[in-house]
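Below is one structure, written out as structure tokens; the observations come after it.
The values are calculated or read from the model by the stated rules, or taken from the named source; none is laboratory data. Everything numeric here is computed off the predicted structure, so don't read it as measured data. Every residue, glycine as well, gets a Cβ built from its backbone with ideal geometry; the counts of neighbours run over all protein chains shown. Heavy atoms of the whole protein, side chains included, go into the accessibility calculation; ligands, DNA and RNA do not. Shrake-Rupley method; radii C 1.70, N 1.55, O 1.52, S 1.80 Å.
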Amino acid sequence: MPLITKEELNSQIKERRFAPIYVICGSEQMYVSGYTRKLAEAVAGKNPSEFNFHTFGGSVDLDTLAAAVEVVPFMSEYNCVLVTDIFIDEYNSDDAAKLKAICKRAVPGTVLIISMPSYVPKKNASVFESIFKRAQKDGCAIRFEAPQRKDIEKNIAKWANSRGKLIRQNTVSRLIAFCGTDLYRLKNEVEKLCAYTKGEEISYEAVDLLVAPTLETKIFALSDAVLAGRGDLAFNTLDRLFSQKEEPVVILYVLSIAFVDAYRVRVADESGVKQSVLSEDFSYGKRSFVLNNTRTAAKFVSTEALRKCLSVLAEADLKMKSVSMNERLLIEQLIARILMIAKEGKA
């Protein structure tokens with residue numbers, strides 16, 4: 001069958017209508033892990049017998065895996081075989097062929113689950129894709145990609161409500177701005193905020209007090225200040241980054257990403273390219289939310305000024321890698337130059 005959705009997977013679990021093989025993967029690790037656990041528990045039970053529940057991970061012995069798939073269920077409806085983050089890149093062509101044969105074999109009573117919550121094959125990516133396609137043909141395959149912004153907001157509200165708390169839209173936006181779209185981190189931060197909050201509502205101020213912004217968030221705040229021509233704010237932000245012992249090379253790297261994002265959005269807008277296409281072409285995935293943010297931040301700076309900023313950033317990167325010098329001074333001079341370019345190139 002074709003790719004299934006999480007709703008279809010939920011329906012199969014509820015109806016106990018299981019396919020012989022499932023392959024679960026995608027960039028959203030929380031969904032991959034959560035639904036893998038939910039499916040395995042539905043197939044094997046909450047307290048599975050070792051005769052009917054076999055787990056593998058990492059460097060899997062394929063002969064042992066093949067034997068586990070062949071096991072006949074004992075005093076149970078199903079034999080569940082769960083394979084998590086199998087190191088496919090370690091396999092030679094013979095191993096790859098053996099793994100494909102195992103996945104192709106439908107054994108009555110056995111449900112084979114291959115889940116990849118954190119390991120992504122690179123050298124043998126084509127091997128994994130062939131297994132994924134085989135699951136689409138003989139069983140079920142599901143790929144959990146980064147959720148949409150509205151889905152993330154709904155999750156945050158749901159987590160807060162489950163703990164008896166309310167959270168307003170502007171507070172949700174602040175939390176996402178600090179944490180990005182990683183669902184694991186967002187859920188942990190919501191739980192922390194709920195534990196701290198005495199009343200029924202999680203406040204905007206509580207987010208500022210308790211949630212530490214990611215490095216990317218802090219440096220994006222620096223780029224926003226520069227594009228807005230706020231030299232005072234830009235240098236204050238830079239001072240905080242240095243006081244927190246952030247490496248100049250990392251600051252330069254993330255700052256460069258922010259300006260590349262701004263330039264891509266500008267060129268796409270001028271060319272009539274939709275944001276969804278831009279996001280897909282450059283594999284933004286979870287980071288797709290930054291495209292709207294950077295569009296707003298750079299709206300008063302000309303395209304030519306953005307090009308000059310990229311040139312200056314590339315020049316600074318070359319200096320940092322090839323010349324022995326005071327890296328903090330280099331970053332401060334870089335910020336001053338970009339501020340001047342942005343001011344001169346107001347759109």
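Hey, which of these cross-link pairs are over 31 Å Cα-Cα: K137/K274; K123/K245; K150/K319; K150/K218?
Among K137/K274; K123/K245; K150/K319; K150/K218, the Cα-Cα distance tops 31 Å for K137/K274; K123/K245; K150/K319.
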Notebook entry, point to check: To the nearest 20 debye, what is the magnitude of the charge dipole of segment 229-333 about its Cα centre, counting +1 on the Cβ of each Lys and Arg and -1 on the Cβ of each Asp and Glu?
Noted result: 180
Checklist line | Nearest-ten-degree value, helix 169-179 long axis tilted from longest Cα axis of the chain | finding: 90
Notebook entry, point to check: Rounded, prolate or oblate: which fits segment 1-61, taking a ≥ b ≥ c as square roots of the Cα gyration tensor eigenvalues, rounded meaning a/c under 1.5, else prolate when a/b beats b/c?
Noted result: oblate
Note to self: Cut-off 10 angstrom, C-alpha nodes, Gaussian network model of the chain. Which of T214, T84, T64 fluctuates the most?
What the structure shows: T64
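How big is the dipole moment of segment 16-65 about its Cα centre under a simple scheme where the beta carbon of each Lys and Arg is +1, that of each Asp and Glu is -1, and everything else is neutral? Debye, nearest 20, please. Please list the in-between numbers first.
Details: 5 positive and 5 negative charges, 75 e Å.
Here segment 16-65 has a charge dipole of around 360 debye.
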Margin query: Which aspartates and glutamates, if any, have their Cα less than 19 Å from the Cα of K6, not counting same-chain residues under 8 positions apart?
Written below: E15, E28, E41, D138, E145, D151, E153, D182
Margin query: Loop-only trypsin sites (Lys or Arg not before Pro) in segment 180-229, please: DSSP not H, G, I, E or B, and at most 11 other Cβ atoms within 10 Å.
Written below: K198
Next item on the list: Using a/c under 1.5 as the rounded threshold, could you call segment 111-259 rounded, prolate or oblate? The axes a ≥ b ≥ c are square roots of the C-alpha gyration tensor eigenvalues, and prolate needs a/b larger than b/c, oblate otherwise.
Entry: oblate
Check: Can you give the relative contact order of the chain as a percent, counting alpha carbon pairs under 8 Å and 6+ residues apart?
Finding: 16
Notebook entry, point to check: GNM on the chain, C-alpha springs below 10 Å: top fluctuator among L330, L227, L238?
Noted result: L330
Item checked: Between helix 231-243 and the chain: long-axis angle, C-alpha atoms, 0 to 90°, nearest 10 -> 50
Check: Against the longest alpha carbon principal axis of the chain, how many degrees, from 0 to 90 and to the nearest 10, is the axis of helix 93-104 turned?
Finding: 70
Notebook entry, point to check: From largest to smallest, what semi-axes in whole angstrom does segment 240-347 give when each is the square root of 5 times an eigenvalue of its alpha carbon gyration tensor?
Noted result: 26, 17, 12
Next item on the list: Determine the shape class of segment 245-299: with a ≥ b ≥ c the square roots of the Cα gyration tensor eigenvalues, call it rounded for a/c under 1.5, and otherwise prolate if a/b is greater than b/c, oblate otherwise.
Entry: prolate
Check: When the Karplus curve 6.51 cos²θ - 1.76 cosθ + 1.60 is applied with θ = phi - 60°, which whole-Hz ³J(HN,Hα) does each residue of segment 322-331 get, with x for Gly and Pro?
Finding: 10, 10, 7, 7, 6, 5, 5, 4, 4, 5
Next item on the list: With Cα extents along the principal axes in Å defined as stated, name the option among (1) 75, 55, 41; (2) 71, 44, 38; (3) 54, 53, 37 computed from the structure displayed.
Entry: (1)
Check: If you roll a 1.4 Å probe over the heavy atoms of the protein chains, what accessible area per residue do you get for the chain, in Å²?
Finding: 52
Item checked: Long-range amide H partners of T55 with built H, under 5 Å -> L82
Notebook entry, point to check: Put +1 on the Cβ of every Lys and Arg and -1 on every Asp and Glu Cβ in the chain; which of A262, L252, A146 then has its Cα farthest towards the positive end of the dipole?
Noted result: A262
